[in-house]
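*Asks:* The following block contains the structure, expressed as structure tokens.
The values are calculated or read from the model by the stated rules, or taken from the named source; none is laboratory data. These numbers come from a predicted model, not from an experiment. When we count neighbours, we look across all protein chains shown, and the Cβ atoms used for this are built from the backbone with ideal geometry, even at glycine.
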Amino acid sequence: MKKITALMLSSAMMLSLAACGGSASTDAVSSEAVSSEAASSEAVSTAEAAPAALTTVTAGKLTMSTNAAFPPYEMTTDSGDFEGIDIDVAAAIAEKLGLELQVDDMDFDAALLAAQNGKSDIVMAGVTVTDERLKVMDFSDTYAEGIQSIIVPEGSDIATADDLSGKAIGTQRGTTGYIYCTDDFGEENVIAYDDGLTAVQALNNGQVDAVVIDNAPAKEFVEANPGLKILDTAYAQEDYAIGVAKGNTELLNAINGALEELKADGTLQAIVDKYINAE
């Protein structure tokens, strides 16, 4: 009798455990399905919310074409690295976009063409927005202001821009200084050099009567070359912007968004102040 009772109790316990086991198994499957569904839903939601990765010339990098002979915007250090306002601004933008900055140094004309033809992602080299350039590339919001200045030797009879008429004028090839001077004084009176330094050397050697170049590098060149001066009257005023390939609105919008943040948090002004003493 005890044996029968024990068997009955044992059977009852097994049924009870089986029932509990079945219930736990069902709950687990149900919970697993819900969790899987929730995770799937969350993944879809996250995918929809996350911005698509930017397409760049080299994956994971923001390639900048420039002419690193334009202090204080871009220049080469003694160790062969690059520095300057444009370099630092580009690096800050790249960081905002989750990219690594790659700098490619070349002639100014080539730097413009590289961005225009999609060989680089951006061009930054103290680039001014002009109607002609707008036909072949797009530009970001302005990030700096520039002035075209006139460098002459001490004692020169050139006192204003009007006095440049009939004079030999040195400029950097492809720059707005070259464009403005050829428009105002004729191509026959304008000599284009590969970079500003070479133009200033030509001025020192008496090969040209004046050099027209952006004010910031003009100050650097005059400081390094005693006997030269900058005229008090500016030749032209202009805005600098970042050039990208025509129609690359995805990158352009991302750059403008980054610039807006850099202006708002003071980073942009801090970079300018680092290289140009605030007056």
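*Asks:* Do we find a residue being among the charged types (D, E, K, R) and closer than 20 Å to LEU112 by Cα anywhere in the stretch 215-234? If you could, list the steps in order and put the result at the bottom.
*Replies:* Keep residues of the stretch 215-234 that are among the charged types (D, E, K, R), which gives 219-220, 223, 229, 232.
Now restrict to residues that are closer than 20 Å to LEU112 by Cα: none.
For the stretch 215-234, residues among the charged types (D, E, K, R) and closer than 20 Å to LEU112 by Cα: absent.
*Asks:* Could you tell me which numbered condition ILE255 fails, if it satisfies all but one of (1) at positive phi; (2) surrounded by 16 or more Cβ atoms within 10 Å (Cβ to Cβ); (3) in the same structural domain as ALA68 (by TED's automatic domain parsing)?
*Replies:* So ILE255 meets the others, but not (1).
*Asks:* Of all residues in the stretch 194-230, count the ones that are more than 19 Å from PRO72 (Cα to Cα) and crowded, with 19+ Cβ neighbours inside 10 Å.
*Replies:* Summing the residues that are more than 19 Å from PRO72 (Cα to Cα) and crowded, with 19+ Cβ neighbours inside 10 Å in the stretch 194-230 gives 4.
*Asks:* How many residues are among the charged types (D, E, K, R) and outside any loop (DSSP other than H, G, I, E, B) when one looks only at the stretch 91-124? Spell out how you get there, then give the answer.
*Replies:* Residues of the stretch 91-124 among the charged types (D, E, K, R): 95-96, 100, 104-105, 107, 109, 119, 121.
The next check asks that each one be outside any loop (DSSP other than H, G, I, E, B); those that pass are 95-96, 100, 104-105, 109.
Adding up the residues that qualify gives 6.
*Asks:* For the stretch 80-89, indicate whether the set of residues that are charged (D, E, K, R), crowded, with 24+ Cβ neighbours inside 10 Å and assigned to a helix (DSSP H, G or I) is non-empty.
*Replies:* Narrowing the stretch 80-89 to residues charged (D, E, K, R): 81, 83, 86, 88.
Those left that are additionally crowded, with 24+ Cβ neighbours inside 10 Å: 86.
Subset that is assigned to a helix (DSSP H, G or I): 86.
Yes, the stretch 80-89 has at least one match.
*Asks:* Taking the stretch 179-202 as the region of interest, how many residues are within 14 Å of ALA69 (Cβ to Cβ) and part of a helix (DSSP H, G or I)?
*Replies:* The qualifying residues number 6.
*Asks:* Could you go through the stretch 242-259 and let me know if any residue there is under 18 Å from the mean Cα position of the chain (by Cα) and closer than 16 Å to PHE70 by Cβ.
*Replies:* Applying the first criterion (under 18 Å from the mean Cα position of the chain (by Cα)) to the stretch 242-259 yields 242-259.
Applying the additional criterion that residues be closer than 16 Å to PHE70 by Cβ yields 242-243.
So far as the stretch 242-259 goes, yes, one or more of its residues are under 18 Å from the mean Cα position of the chain (by Cα) and closer than 16 Å to PHE70 by Cβ.
*Asks:* Continuing with this model, one more query. In the stretch 260-279, how many residues are among the hydrophobic types (A, V, I, L, M, F, W, C), modelled with pLDDT under 95 and over 18 Å from GLY126 (Cα atoms)?
*Replies:* Of the residues in the stretch 260-279, 1 are among the hydrophobic types (A, V, I, L, M, F, W, C), modelled with pLDDT under 95 and over 18 Å from GLY126 (Cα atoms).
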